[in-house]
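The structure under discussion appears below in the form of structure tokens.
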Amino acid sequence: MSVVIDSLENTELKKIPSESVEAVALMNILFCVSSDAVRQRLMSEAKRILKPGGALIVVDMQRPSLFWLMSLLSGKGWKFRRHDELIQLMRPLEVAGVGQSNYFYFVNPVMNWLNRMFGRNICYSLNTFARAIGIPASTKTFVFKKSNGRNSDRTI
């Protein structure tokens, strides 16, 4: 079984038995939670329901990034994290992989229009260009693994 947590109102989480889910995904939700207590509760529930050996996939907004800058200028008050901060929050889970996701998250409607006009490769090309000139991605995808009980402390 897999679970996607994409809402703060996900009351069904409490009904899921501990260590019963093979994969859990937190999709662009941690940055917009207004309270550290609610954010911690979401992460704790995700860790609780994950089976040993299971994967927790977290897509989260990063600091610094273009989206972080735009939200800072607009006064949104969202909580952006650095790469190392998110890894610390997810302990004792181990990092299995990290990838840069979306550079232009804050202009998705524009990017969707460009896709329709010029094809899907335009976003890939723009992301590649942003990476090449050193612009940090707005979102990163992290994959964490719950230990099978073996003693390991791998960080990336």
On C-alpha positions alone, give me the angle between the axis of helix 121-132 and the longest principal axis of the chain, in degrees, nearest 10. 80 degrees
Residues with beta-carbon under 11 Å from that of ALA55, excluding ALA55: net charge, scoring Lys, Arg +1 and Asp, Glu -1? +1
At a Förster radius of 25 Å, what calculated FRET efficiency corresponds to the Cβ-Cβ distance of GLN40 and VAL98, to the nearest 0.05? 0.70
Over the Cα atoms of the chain, what Rg and Dmax result, in angstrom? 16.7, 51
Leaving ligands and nucleic acids out of the surface, order ILE133, ILE16, ILE5 by accessible area at 1.4 Å, largest first. ILE133, ILE16, ILE5
Compute the angle between helix 108-118 and the longest alpha-carbon principal axis of the chain, please, reported from 0 to 90 degrees and rounded to the nearest 10. 60 degrees
State the answer as a single residue: which of GLY134, LEU66, ALA37 lies farthest towards the positive end of the charge dipole of the chain, with beta carbon charges of +1 for Lys and Arg and -1 for Asp and Glu, about the Cα centre. GLY134
Ranking PHE80, VAL24, ASN10 by how far each Cα lies towards the positive end of the charge dipole of region 1-118 (+1 on Lys and Arg Cβ, -1 on Asp and Glu Cβ), the top one is PHE80
Carbon/sulfur fraction of accessible area - the chain, other protein chains in place, 1.4 Å, %: 57 percent
With 0.36 nm assigned to each residue of separation and the Cα-Cα distance removed, LYS76 to LEU126 gains 15.4 nm
Report the relative contact order of region 6-142, percent, no decimals, based on alpha-carbon pairs under 8 angstrom and at least 6 residues apart. 27 percent
Å² of accessible area per residue within the chain, as computed with a 1.4 Å probe and no ligands counted: 57 Å²
12 Å beta-carbon shell around ALA25, net charge (K/R +1, D/E -1): -3
In a shell of Cβ-Cβ distance under 13 Å around VAL38, excluding VAL38 itself, what net charge do Lys and Arg (+1) and Asp and Glu (-1) give? 0
Is there a quick way to get the dipole size of region 9-124? I mean about its Cα centre, with the Cβ of Lys and Arg at +1 and of Asp and Glu at -1; what is the value in debye to the nearest 20? 180 debye
What number of lysine-lysine pairs in region 12-139 show an alpha-carbon separation below 21 angstrom, given a sequence spacing of 8 or more or placement on distinct chains? 5
Taking the Cα atoms only, what angle lies between the long axis of helix 36-49 and the longest principal axis of the chain, rounded to 10 degrees? 60 degrees
Could you tell me whether region 1-86 comes out rounded, prolate or oblate from its Cα gyration tensor? Rule is a ≥ b ≥ c as square roots of the eigenvalues, rounded for a/c under 1.5, then prolate if a/b exceeds b/c, otherwise oblate. prolate
If you take every DSSP beta bridge whose two residues both sit in the chain, what share of them, in percent to the nearest 5, is antiparallel? 55 percent
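The values are calculated or read from the model by the stated rules, or taken from the named source; none is laboratory data. The shown structure was predicted, so the numbers you read here are calculated from the model rather than taken from an experiment. Here the Cβ is made from the backbone with ideal geometry for all residues, glycine too, and neighbour counts use every protein chain on show. Keep in mind that these areas ignore ligands, DNA and RNA; they rest on the heavy atoms of the full protein, side chains included. Shrake-Rupley method; radii C 1.70, N 1.55, O 1.52, S 1.80 Å.
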